Amino acid sequence: MDETAALSTLAVIGWGALGVFIGAIASIAVSLSIRVVVRRRESIRHLVRHMRMSLRIFLMLLGGGIAVLIATGPSPYFAGPTWRPTFRQIFIIVMIFATAMLLTGLIRAVEDSVLHRRRDDDDAEETPHYRRVRTQMQVVDRVLIAVVWVCALAGALLTFPSFRAVGTSLIASAGLLSIVAGLAVQSSLSNIFAGMQIAFSDALRVGDLVVFNEQMGSVEEITLTYVVVRTWDDRRWIVPSSHFATQPFENWTRREPQLLGTVEFDLDWLVPVEAMRVELTRLVNASDLWDGRSVNLQVTESTGGHVRLRAVVSARTSGDLWDLRCYIREEMINWVQRHAVYALPRTRLEPETTPAPPVEEREEFVDQVVEQWEQEQSVEETRLLPEPEPEDDAVIDDGALPKWLQSWLVQRHKGDESAPEPRPAKESRAELTLSSTSPQARLYSGSPEAEERNRKLSGPSAADMAEREKTAERRLRTGEQPKVEGEVEVEGEAEGEGRGEVEGGGEGKGAGSAVESGSSPEYLVETHVIAKVEDRPRAD
């Protein structure tokens, strides 16, 4: 009896080994076939790389399990071993997880294939479009893999009869359990939905440079529950996804990586601003960190015993901007030390050396300034006046008059020969001296880049502001006239009697036609029509 059992065990092991060998041969054949296809289509290369091992394991387990089940199957002379049902259940569970592993490799292969195709289409690896697709594919990849393994775990548990009964009771009490589970994993669910929102709203991408909680770094990874941010000193911040969905943050590479940076100097009142401006221009032109877009130097403050100069420069990336700012700060300090030592900041304690003039001289100075300004304004107004045109009655057609009358008119208008020559009128001129007109002295004007910056920061246009004013007035009037709906209905009763005023002036037909066609009174209010009806009894 023992020898028969031993022979049966060896036979089962032999069948299992034969099945594993057949599965390995099948996996090798499939791999060779796929390699032949890969030579013709490059897009399948990622499929082979991710599914080679998982497919081999799946086929070997499948072959070995089927061989063992065939070897231990019931027959007219053999009822089969007692452990066959247990082995069958274990084989089903193993195949469920092997299938999940195979699907995981397939999902990752599809992700790499899509990213590879996008990279070839864009002819660059780190374009904004490629980073957006990569971020979304990473989130979708994680969601699908999580769904696959949850389903695999559920399928493995359902192979046990006891868990089937538990599943039936869970379905019966799903309402209460869903409430309890929702309260228990509220924060986790919020992070999951926030991660999906970040990925598909395109508010954040892998590789973006962000600033949050006074920390700056690049987004290294976006998952369903957290975002990995790598700082400049190679630290990693693990930030919950809900933080980026609910809290404000700075994204320096949302559209383009180009940035503007400032360098400030507190110097003495004697500082040669124009000379520093020229030196700043020379420095940025000699540096390979400047992208050639913007450079200017302005006096932004002149209080507290010193003046504050702010230099604004531009660079291609945030790293170039940091190095450029440090370079300008160092070189400008060296320039001040060599060429303008008198401009170094200092605190003055000295007696009064410039006494104020008498009151009469100060009042005379004020009068002179006012008079000069009035002269400048009069010259400007005279320049803007149109050229005088001759009146109709002063135009004389010489060809229509007789010759004797023409000669008489000439002698009459010649006047006295002894009269003094007329002197030309004294023309008053006023010269305006501009303080600085160089483009480097202006941040919002003087160059196309500055004009474009001024346009972006100028706020809404006049048409938008007028539309806002009209909307505010319409809402105000709507709130003051709560019976607009009834009034419109009265106007719709008779076309001849129902007359309304159109907002903005003028009379027009009442809103009765709109009401008759099925439009609501709210629609009439939104189309800037306000109906006014005289106090009269309503017709029955």
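So the values come out like this:
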| item | result |
| --- | --- |
| Given (1) more than 29 Å from the chain's Cα centre (by Cα); (2) buried (at least 18 other Cβ atoms within 10 Å of the Cβ); (3) assigned to a loop (DSSP other than H, G, I, E, B), number of the condition Leu270 does not satisfy | (2) |
| Region 205-218: number of residues that are touching a strand residue (DSSP E or B) at 6+ places or on another chain (Cβ under 6 Å) and either without any contact (Cβ under 8 Å) to a residue 60 or more places away in the chain or within 12 Å of Val139 (Cα to Cα) (or both) | 5 |
| Residues satisfying the stated conditions in region 188-206, i.e. under 12 Å from Thr253 (Cβ atoms) and either of a type in the set (Val, Ile, Thr) or touching a Pro at 6+ places or on another chain (Cβ under 9 Å) (or both) | Arg205, Val206 |
| Count of residues meeting criterion [under 30 Å from Ala311 (Cβ atoms) and not in a strand (DSSP E or B)] in region 224-267 | 11 |
| Single residue of region 221-239 satisfying the filter (without any contact (Cβ under 8 Å) to a residue 60 or more places away in the chain and of a type outside the set (A, V, I, L, M, F, W, C)) that is farthest from Gly207 (Cα to Cα) | Thr225 |
| Residue list for region 273-310, filter: assigned to a strand (DSSP E or B) and within 30 Å of Leu349 (Cβ to Cβ) | Leu297, Gln298, Val299, Thr300, Glu301, Val307, Arg308, Leu309, Arg310 |
| Residue check for Asp288: within 36 Å of the chain's Cα centre (by Cα), loosely packed, with under 14 Cβ neighbours inside 10 Å and more than 22 Å from Ala340 (Cα to Cα) | yes |
| Residues of region 173-214 that turn out to be modelled with pLDDT of 80 or more and loosely packed, with under 14 Cβ neighbours inside 10 Å, as a count | 2 |
| Search result, residues across region 319-335 that are buried (at least 19 other Cβ atoms within 10 Å of the Cβ) and in contact with a strand residue (DSSP E or B) (Cβ under 7 Å, 6 or more places away or on another chain) | Leu321, Leu324, Ile328, Met332 |
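The values are calculated or read from the model by the stated rules, or taken from the named source; none is laboratory data. What you are looking at is a predicted structure, and each value in this text was computed from that prediction instead of being measured. Don't worry about glycine lacking a Cβ; one is built from the backbone with ideal geometry, like all the others, and counts go over all protein chains shown.
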